[in-house]
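Beneath this line is the structure, given in structure tokens, with notes to follow.
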Amino acid sequence: MEKEFVRCQIEEGIAVVTIDNQPALNALNQPTLAQLDQIFEALAGDLEVKSVIITGGGEKSFVAGADISEFNQVKGDSTAAFMARGQRIFDKIEAFDRPVIAAINGFALGGGNELAMCCDIRIAAENAIFGQPEVSLGIIPGYGGTQRLPRLIGAGKAKEIIFADERINAQEALRIGLVQKVVPKGQAVEEAKKLLKKINNKGPVAIKMAKKAINEGLAMSLRGGLDLEAQCQSVCFATEDKDEGARAFIEKRPANFKGK
């Protein structure tokens with residue numbers, strides 16, 4: 001029986017996905033990636049799940065990177081397929097149609113930082129450490145680090161972190177915009193739950209359309225993004241939730257959204 005490296009617990013519409021291989025600081029080996037992929041495939045079909053938290057087991061590490069012991073298996077033509085598999089899984093998480101928050105406890109290095117960057121929002125415990133150490137191994141970030149990091153914090157700062165294998169703490173990550181909030185050690189998951197309970201009370205279709213407009217619009221020209229925004233707004237205006245939201249506002253009461 002394959003060892004369980006990723007577990008998922010669902011409560012009040014929030015799925016908490018925990019990468020738990022603490023002896024290896026929750027490193028992303030191939031079985032872990034496969035289990036992460038399977039869990040998100042299942043969550044995509046579970047309409048009771050309104051949002052997701054990704055975190056690491058224990059307080060030392062979110063994900064400390066890839067499993068370097070697997071690198072010797074990757075040679076020549078197999079490299080592209082190896083990278084493409086991880087990129088596909090991370091792309092799936094980024095494109096998940098409901099909010100995903102990374103609750104970052106401890107090390108978020110290499111693939112760990114890349115995983116966090118796939119999430120919509122990043123909340124870091126005060127002991128979190130971020131970095132892309134791949135060049136110290138003679139390689140480069142391969143699960144999106146060279147692309148998502150500069151988009152989040154700017155090309156110059158991203159190059160400094162990647163080229164020099166610079167490690168940054170939670171407060172510096174907050175200052176440069178890599179994370180959105182820093183909380184005391186051990187409180188990242190609870191802070192993420194608090195934020196998601198607030199988000200989960202909003203219009204589900206509106207949240208999905210807002211995520212789509214932001215994520216896809218970033219890859220477009222401003223004009224293309226504005227056109228996409230209008231298309232997503234058209235979807236929202238065709239819902240019962242739009243009518244309920246307007247009525248609730250006029251009647252000065254909380255809206256009872258149905259997600260349709």
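All of the numbers you see were taken from the coordinates with simple rules; none came from a lab. Quick caveat: nothing in here was measured; it's all calculated off a predicted structure. Cβ coordinates were reconstructed from backbone atoms using ideal geometry, including for glycine residues, and neighbour counts include every protein chain displayed.
Listed here are the pairs K198/K242; K198/K258; K3/K194; which of them are more than 27 Å apart at the Cα?
Table pairs above 27 Å Cα-Cα are K3/K194.
Could you tell me which of V16, A27, G138 has its Cα farthest along the dipole of the chain towards the positive end, charges placed at Cβ (Lys, Arg +1; Asp, Glu -1), taken about the Cα centre?
V16
List the residues whose amide H sits under 5 Å from the amide H of I129, counting only those 5 or more places along or on another chain, with H placed 1.01 Å from N in the peptide plane.
Here the answer is G106, F107, A108, since their amide H atoms fall under 5 Å of that of I129.
Using only alpha carbon pairs under 8 Å that are at least six residues apart, calculate the relative contact order of the chain and give it in whole percent.
Answer for the chain is 15 percent.
With the Cα gyration tensor of the stretch 119-170 in hand, convert its eigenvalues to equivalent ellipsoid semi-axes via √(5λ) and list them largest first in whole Å.
So the equivalent ellipsoid measures 18, 14, 11 Å along its semi-axes.
Please list log₁₀ I(q)/I(0) at q = 0.12, 0.15 Å⁻¹ for the stretch 32-132, using the Debye equation with identical point scatterers on the alpha-carbon positions.
These q points yield log10 I(q)/I(0) values of -0.41, -0.64.
So which trypsin sites (Lys or Arg not before Pro) in the stretch 122-212 end up in coil per DSSP with only 16 or fewer other C-beta atoms within 10 Å?
Filter output for the stretch 122-212: R167, K185, K202.
Evaluate the charge dipole of the chain about its Cα centre and quote only its size in Debye, nearest 20, assuming +1 on the Cβ of each Lys and Arg and -1 on the Cβ of each Asp and Glu.
760
Could you list M209, M220 in order of exposure, starting from the residue whose Cβ has the fewest other Cβ atoms within 10 Å?
By the 10 Å Cβ count, ascending, the order reads M220, M209.
Tell me, V135, V179, V189 in order of fewest to most beta-carbon neighbours within 10 Å?
The order, fewest Cβ neighbours first, is V135, V189, V179.
As an exercise, find the ratio Rg/Rh for the chain from alpha-carbon atoms, using the Kirkwood inverse-distance average for Rh.
With Rh from the inverse mean 1/r over Cα pairs, Rg/Rh is 0.99.
How many percent of Cα pairs in the stretch 77-192 exceed 19 Å?
Of all Cα-Cα pairs in the stretch 77-192, 43 percent lie more than 19 Å apart.
Once you mark the GluC sites (Glu not before Pro) that are in a DSSP loop and have at most 12 other Cβ atoms within 10 Å, what is the longest gap between them in the chain?
Answer - 49-250.
Once Lys and Arg get +1 and Asp and Glu get -1 on their Cβ, which of A84, P150, A206 lies farthest toward the positive end of the dipole of the chain?
Value: A206.
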